[in-house]
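Here the structure is laid out as structure tokens; the discussion comes afterwards.
The values are calculated or read from the model by the stated rules, or taken from the named source; none is laboratory data. Worth saying up front: this structure is predicted, and the values here are computed from it rather than measured. FYI the Cβ positions are ideal-geometry reconstructions off the backbone, even for glycines, and counts take in every protein chain you see.
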Amino acid sequence: MVAATNGTARITATGDDWGRLAARARRTRRVKATSIYAFLIAVSIPIVLPYFWLVTIAFSARTGVAETQVLWRAVAVLVPAVIAFWAAAMLARGQRQRWAFVALVALATIIAFVALVGPSLHLENFIFLVEPDFASVLRSKVGTVTGAVQFPNVWHAFGNSILLAGTQTVIVVTVASLAAYYLSRFDFPGRSSMLRSLLVLHAFPVLTLIVPLFLMLYYIGLLDSLIGVILVLVAFELPFAIFIMKGFFDAVPWDIEMSALTDGASRRQAFLKVVLPQVTNGMLAISVFTFIRGWEEYIFVFTFLIRNTNWTMSLYMFYVREDVMGVDYGVVSAVGVFYLVPSLLLYMAAQRYLLQMSVGGVKG
Amino acid sequence: MASIEFRKITKRFGDVEVIPDMDLDIADGEFVALLGPSGCGKSTSLLLLAGIYLPSTGDLLFDGHVVNDVEAKDRNVGIVFQSYALYPHMTVRDNIMFPLRFKKTPREEAIRRVNEAAALVQVGDLLDRRPGQLSGGQQQRVALARALVKQPQLLLLDEPLSNLDATLRLSMRTEIKSLQDELGVTTILVTHDQIEATTMADRIICMRAGRIEQAGTPDDLYARPSSLFVASFIGSPPINLVEGKAVNGTVDVSGIGFPATGATGAVTIGLRPEHLVVADTGLPGRIAQIEPMGREVLYVVSTDIGHIRILEQGSTAGRGAGEAVHVGFDEAHSLVFDTTTERLIPDSHVKPPAP
């Protein structure tokens, strides 16, 4: 009883004290938020800057001219803009003021960008989209006409990449869904060791198998064909996809499946009509990851594909770099931007589903 | 509608024997409750009936025909799961219509029957919603409609009320009971809640560790429990049980003698709180705790043979804590069990100790 009375006495403060305490709490909160944002901005600049420069170079570099002025001007716009946005968000009191500040900073940034960087922007670096023999064109600009690599049409490489990544995705999602469902629902001899081996398989560096795989594809007759590469990629992507999908299936209650069976569905119908619709988020998530994995694939396509009609975007990008880097790094950057855009769009579209992975996914 | 028979059914999962040996008859149109604590095999029995599990040995008969090998989808059994198991990606209408899709019911008729089933459980205005947008009680009704729309020959209810709040549980109890009366469908209710079982079912099957402990009407189980297990499982607040030793017509419990008839050896006396009264003579004790329960008052009386619960009619406690009282009861309501076999000793009774 005595202790309680003392406690009450201690926390009873006069009106003045309450105000002081509240002000202190507000101050602390503000300082904390400010320093956290400052830290986050500081560490994200080295990550964001290369992409920013890539885009800037793609739209501004000129054949045969080595000029970096525009990059610094772009940075001179970007960095103050980020800091100004941050300061606006920090200093604003209330939602309306915040919007007003942000709009103001955005306007200033746009004007500065148009004034400082705008005059240097052009689309000439994207010549490769319309002119397959762009390498010769570029060389003729700087005087050396001979020795250019014969590039295939970029749209052909683009199509190959879509075909490779798309087919791989379809196979992986189909097989992983079926396998994961079985692993999640059925008990069979060797089930647990199979689950363990799924993870172990993923732990091996894939590059170690490149020589045996080359021989294997050669003997099967799938060397220098997209199908061969697709099969190799599928084999490497499957274990992890199965593991992720199993987590999603585990989260689907048995009850609704039993309910479907008593409602007259066969096992297959219950799977297709009741269970599968519950794991669409998981299927979307592994689709996106598998697609992007296929889109960015470089080592296997470089090793197993030879003819230039089989080139994918990554090979196209590689040979563009080989051939015209010294002549025109603007074109190399432009190819990079072109290569980057589809995966960026895909990520943005699927972000919502990818976030679900951590919720339904990794539960063993 | 169908009559059901379990004929020497056993069910094991690997080395675990969930149902050692089960014989049971359920008449056509009967409302039966499978009552027991969790893990007693009652849900397993239900899934055996639904055709999700197959019996390890023995036969399951519907209307006298062995259905062991008949698949779940062909058994025409309606089931309401504890979790309701509605299909989250379908609207309520599609949920209820789902069973009809597999019966190739013509579209017109399917829609009519869905509307009827929905009206029966009063969810007619929710047909376009999804299960996620419904309250627990509404989901429960939808699950019931889905089970009933196929006009099942057997309706299985797996703890259907346990996820509802107390008021809703009370009204759903009445509703399910009258619905069953109206439709006359053979119904099996699985529950661990004795109130649910006694209020809804015509017959209760009390199970323990996969075995049927006692089967009978709610009154049988309450008034004539065949074993200590049933006696302690049925009744709320729970029965008072005290162990003693019967010698020469007296049961001796911690030095207190209860005059007894028909008992010998180690026995357990069972006294229901509602059959005990606070009296002037009888077992002496002191009121340790008073719990007003609305219409009744529960006294916990500390005596030489332990704490004894007494339920007294009336909304206010007539006595105060710490008061010295005596516990009295009518001989006819006392139950005597053999402590070693745990079975009821028929026609054996005890009297309150003489002053």
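Kindly provide the set of residues from the stretch B:31-42 that are in contact with a strand residue (DSSP E or B) (Cβ under 6 Å, 6 or more places away or on another chain) and either of a type outside the set (V, I, T) or within 14 Å of another protein chain (Cβ to nearest Cβ) (or both), ordered by number.
So in the stretch B:31-42, the residues in contact with a strand residue (DSSP E or B) (Cβ under 6 Å, 6 or more places away or on another chain) come out as B:31-36, B:40-42.
Residues satisfying the conditions are B:F31, B:A33, B:L34, B:L35, B:G36, B:C40, B:G41, B:K42.
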Exercise for review: Taking the options B:G29, B:G41, name whichever one is surrounded by 17 or more Cβ atoms within 10 Å (Cβ to Cβ) and on the phi > 0 side of the Ramachandran plot.
Suggested key: B:G41
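Residue by residue through the stretch B:294-324, note down the ones that are in a strand (DSSP E or B) and under 19 Å from B:I269 (Cβ atoms). Don't jump to the end; show me each part of the working.
Step one: filter the stretch B:294-324 for residues in a strand (DSSP E or B), giving B:296-303, B:306-313, B:324.
B:Y299, B:V300, B:V301, B:S302, B:T303, B:G306, B:H307, B:I308, B:R309, B:I310, B:L311 - these are the residues of the stretch B:294-324 that are in a strand (DSSP E or B) and under 19 Å from B:I269 (Cβ atoms).
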Point to revise | Among (1) away from every other protein chain (no Cβ under 14 Å); (2) within 24 Å of B:A201 (Cα to Cα); (3) free of Cβ contacts under 8 Å to residues at least 60 places away in the same chain, the one test that B:T10 misses | key: (2)
Revision key, fill the gap. The condition from (1) within 29 Å of B:R101 (Cβ to Cβ); (2) more than 14 Å from every other protein chain (Cβ to nearest Cβ); (3) not aromatic (F, W, Y) that A:P253 misses is numbered (2)
Review point. So which residues in the stretch A:81-103 are among the basic types (K, R) and not in a loop (DSSP other than H, G, I, E, B)?
Key: A:R96, A:R98
Practice item. Scan the stretch B:181-205 residue by residue and report those that are farther than 14 Å from B:I4 by Cβ, in contact with a Gly (Cβ under 8 Å, 6 or more places away or on another chain) and in a strand (DSSP E or B). Key: B:I204
Point to revise | Selected residue (criterion: farthest from the other protein chains (Cβ to nearest Cβ)) from residues of the stretch B:69-85 that are under 12 Å from B:R146 (Cα atoms) and aliphatic (A, V, I, L, M) | key: B:V80
Exercise for review: Looking only at the stretch B:49-58, decide whether some residue is over 18 Å from the mean Cα position of the chain (by Cα), modelled with pLDDT of 90 or more, closer than 16 Å to B:A201 by Cα and in the same structural domain as B:G184 (by TED's automatic domain parsing).
Suggested key: no
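Yes/no matrix, rows are residues, columns are (1) more than 23 Å from A:V332 (Cα to Cα); (2) in contact with a Gly (Cβ under 6 Å, 6 or more places away or on another chain); (3) surrounded by 14 or more Cβ atoms within 10 Å (Cβ to Cβ); (4) outside the structural domain of A:G336 (by TED's automatic domain parsing):
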site	(1), (2), (3), (4)
A:V55	no, no, yes, yes
A:A61	no, yes, yes, yes
A:V75	no, no, yes, yes
A:A103	yes, no, no, yes
A:P132	no, no, yes, yes
A:N160	no, no, yes, no
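In this structure, does B:A117 turn out to be of a type in the set (G, A, S) and at the interface with chain A (Cβ under 10 Å from one of its Cβ atoms)?
The answer is no for B:A117.
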Review point. What's the number of the condition B:P88 fails, among (1) surrounded by fewer than 14 Cβ atoms within 10 Å (Cβ to Cβ); (2) within 14 Å of another protein chain (Cβ to nearest Cβ); (3) not aliphatic (A, V, I, L, M)?
Key: (1)
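Residues checked against (1) touching a Lys or Arg at 6+ places or on another chain (Cβ under 7 Å); (2) over 25 Å from B:K245 (Cβ atoms):
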{"site": "B:L283", "(1), (2)": "no, no"}
{"site": "B:L298", "(1), (2)": "yes, yes"}
{"site": "B:D304", "(1), (2)": "no, no"}
{"site": "B:I308", "(1), (2)": "no, no"}
{"site": "B:L311", "(1), (2)": "no, yes"}
{"site": "B:S315", "(1), (2)": "yes, yes"}
{"site": "B:G318", "(1), (2)": "no, yes"}
{"site": "B:A321", "(1), (2)": "no, yes"}
{"site": "B:V325", "(1), (2)": "yes, yes"}
Review point. Residues in the stretch B:93-107: is at least one surrounded by fewer than 15 Cβ atoms within 10 Å (Cβ to Cβ) and either away from every other protein chain (no Cβ under 13 Å) or polar (S, T, N, Q) (or both)?
Key: yes
**Study point:** Qualifying residue in the stretch B:276-284 (condition: in contact with a Ser or Thr (Cβ under 9 Å, 6 or more places away or on another chain) and farther than 23 Å from B:A231 by Cβ)
**Key:** yes
Review point. Can you name the residue in the stretch A:219-234 that is in a loop (DSSP other than H, G, I, E, B) and of a type outside the set (A, V, I, L, M, F, W, C) and, of all such residues, is surrounded by the fewest Cβ atoms within 10 Å (Cβ to Cβ)?
Key: A:G221
Review point. Assuming B:D63 fulfils every condition listed in (1) surrounded by fewer than 15 Cβ atoms within 10 Å (Cβ to Cβ); (2) without any contact (Cβ under 8 Å) to a residue 24 or more places away in the chain; (3) away from chain A (no Cβ under 14 Å) apart from one, which condition is it?
Key: (2)
Review point. Any chance the stretch B:267-287 includes a residue that's surrounded by 15 or more Cβ atoms within 10 Å (Cβ to Cβ), basic (K, R) and not assigned by TED's automatic domain parsing to the domain that holds B:V190?
Key: yes
Check your understanding: Limited to the stretch B:58-69, what total is found for residues that are out of contact with any strand residue (DSSP E or B) (no Cβ under 9 Å at 6 or more places or on another chain) and either in a loop (DSSP other than H, G, I, E, B) or more than 30 Å from B:K8 (Cα to Cα) (or both)?
Key -> 1
Exercise for review: Being within 14 Å of another protein chain (Cβ to nearest Cβ) and over 24 Å from B:L47 (Cα atoms) is the filter; apply it to the stretch B:128-176 and report the residue that is surrounded by the fewest Cβ atoms within 10 Å (Cβ to Cβ).
Suggested key: B:G132
Review point. Considering only residues of the stretch B:46-57 that are touching a residue at least 40 places away in the same chain (Cβ under 8 Å) and part of a loop (DSSP other than H, G, I, E, B), which is nearest to the other protein chains (Cβ to nearest Cβ)?
Key: B:Y53
Exercise for review: Restrict the check to the stretch A:194-215 and report whether at least one residue is of a type in the set (S, T, Y) and within 30 Å of B:L49 (Cβ to Cβ).
Suggested key: no
